[in-house]
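Readers should treat all values here as calculations from the given coordinates under stated rules, not as data from a laboratory. Predicted model, so just to flag it, every value in this text is computed and none were measured. Cβ: placed from backbone, ideal geometry, glycine included. Neighbour counts: every protein chain shown.
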Amino acid sequence: MTRQKPSPLIVLGSGYTGRVLHKTGTSQGKTVHATSRNPLKNLADISSEQRLRFDLEQPSTWPNIPADADLIWCFPATPLEQVQAFARTLDAPPRRIVVLGSTSVYDTSSESTEYPPPWIDESAPLDQTKPRVQGEEYLREHHGAIVLRVAGIYGPTRNPLDWISRGRVEMSRKYMNLVHVEDLAAICLLAIDKGKPGEAYNVSDGTPHTWDEICVTAQQRWGVTVAATQENRTSGKRISNAKLRAELSYTFKHPDLYEALALIESGTG
Ligand SMILES: NC(=O)c1ccc[n+]([C@@H]2O[C@H](COP(=O)([O-])OP(=O)(O)OC[C@H]3O[C@@H](n4cnc5c(N)ncnc54)[C@H](OP(=O)(O)O)[C@@H]3O)[C@@H](O)[C@H]2O)c1
């Protein structure tokens, strides 16, 4: 159910995604504040009324978060003790919290030998030894946070073609799941309005690709030279976004990786 009264929105941690979120939320007519550990340096281009100093490791900065604001948490929710202490200072609902998690939290210790790998939905086991899992699950279970388990984020200045040409990735049969930062920002805003408190949603464009396929396409379409191939038998994961599509009715702006890369390469995406 959509709420009646719009609350101010705080982007906790205004890095790559947080900045796009701030811009998208503002363009939708919302009152959006951005935080940084060093706002004067890192948020110099954002008006002084819209920027706040916040550092999870410095409790003296926590009261800077307005009491009635909704939060979109855009950095890893760790360490647990600090997350718990900060969360206890927040009001009870109706404040709404969206936390950006990662699809890396799914437990791969028992990865199947099936290839292609099976689809993973939100009910798959989590690797509880990961600090961010502990922080995210605490916020979900005790504060009704909506956790978005996010695939690899790409967009302008985070371009998979650069990852290939710089040798950060190599050809392999491993599956990669991606989401464009503009879709991620729009999904965060939708989750604040329509997400169910205490739920987790996978966020991926829904079409996993192998690095073999991405590298071959990169070479054919954009002449990107691929660094040497190493034997990598890891199968990766295939992340299902069915829950996101069904429950939040989101339509992707960039469902097709290669069309999105063409826009980025042309400087228009
Ligand atoms: N990058 C990916 O492909 C990917 C994939 C899956 C999930 N994720 C997750 O999605 C979220 C957003 O990713 P992103 O790449 O947009 O993040 P990002 O660019 O690293 O931005 C996060 C920002 O949060 C601030 N921050 C960091 N630690 C903080 C702390 N202890 N207290 C307060 N602020 C802090 C930093 O800004 P200041 O230095 O200005 O304070 C940082 O720039 C992260 O949780 C990330 O782990 C990322």
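Placing unit charges on the Cβ atoms only, positive for Lys and Arg and negative for Asp and Glu, gives region 1-128 a dipole magnitude near 840 debye about its Cα centre.
Please identify the chymotrypsin sites (Phe, Trp or Tyr not before Pro) of region 120-166 that satisfy two criteria: DSSP loop assignment and at most 15 other Cβ atoms within 10 Å. Which are they? Qualifying residues, ordered by number: none.
Put a plus charge on the Cβ of each Lys and Arg, a minus charge on the Cβ of each Asp and Glu, and nothing anywhere else: the dipole of the chain about its Cα centre is then about 520 debye. Tell me whether region 113-185 comes out rounded, prolate or oblate; compute the Cα gyration tensor, take square roots of the eigenvalues as a ≥ b ≥ c, and use a/c under 1.5 as the rounded threshold. Taking the square roots of the gyration eigenvalues as a ≥ b ≥ c, region 113-185 is oblate. Legend: translational diffusion of region 137-243 by Stokes-Einstein, Rh = Kirkwood radius over C-alpha pairs, 37 °C, 0.692 mPa s; D = 214 µm²/s. Exposed loop sites here mean trypsin sites (Lys or Arg not before Pro) with a DSSP loop assignment and at most 10 other beta-carbon atoms within 10 Å; the chain contains its longest site-free run at 1-165. The dipole here belongs to region 211-267: it is taken about the Cα centre, uses +1 on the Cβ of Lys and Arg and -1 on the Cβ of Asp and Glu, and is about 260 debye.
In the chain, the DSSP-assigned H stretches of four residues or longer account for a calculated mean residue ellipticity at 222 nm of -9000 deg cm²/dmol, using -39500 (n - 2.57) per stretch and the full residue count as denominator. Backbone amide hydrogens, once placed in the peptide plane, bring VAL98 within less than 5 Å of LEU71, ILE72, TRP73, ILE146, excluding anything fewer than 5 places away on its chain. Each part gets one Cα centre, and for region 198-266 versus region 1-70 those centres are 29 Å apart.
Considering the chain at the alpha-carbon level, its Rg and Dmax are found to be 19.0, 56 Å.
The H on the amide N of THR210, modeled in the peptide plane, is under 5 Å from the matching H of MET176, each at least 5 residues off or on a different chain. Among the listed pairs LYS174/LYS196; LYS194/LYS237; LYS30/LYS130, a Cα-Cα separation exceeding 31 Å is found for LYS174/LYS196; LYS30/LYS130.
Just subtract the alpha-carbon distance of GLU81 and SER47 from 0.36 nm times their residue separation and send over the number in nm, one decimal. Walk me through the numbers on the way to the answer.
Details: separation 34, 0.36 × 34 = 12.24 nm, distance 3.25 nm.
That pair, GLU81 and SER47, stretches by 9.0 nm at full extension.
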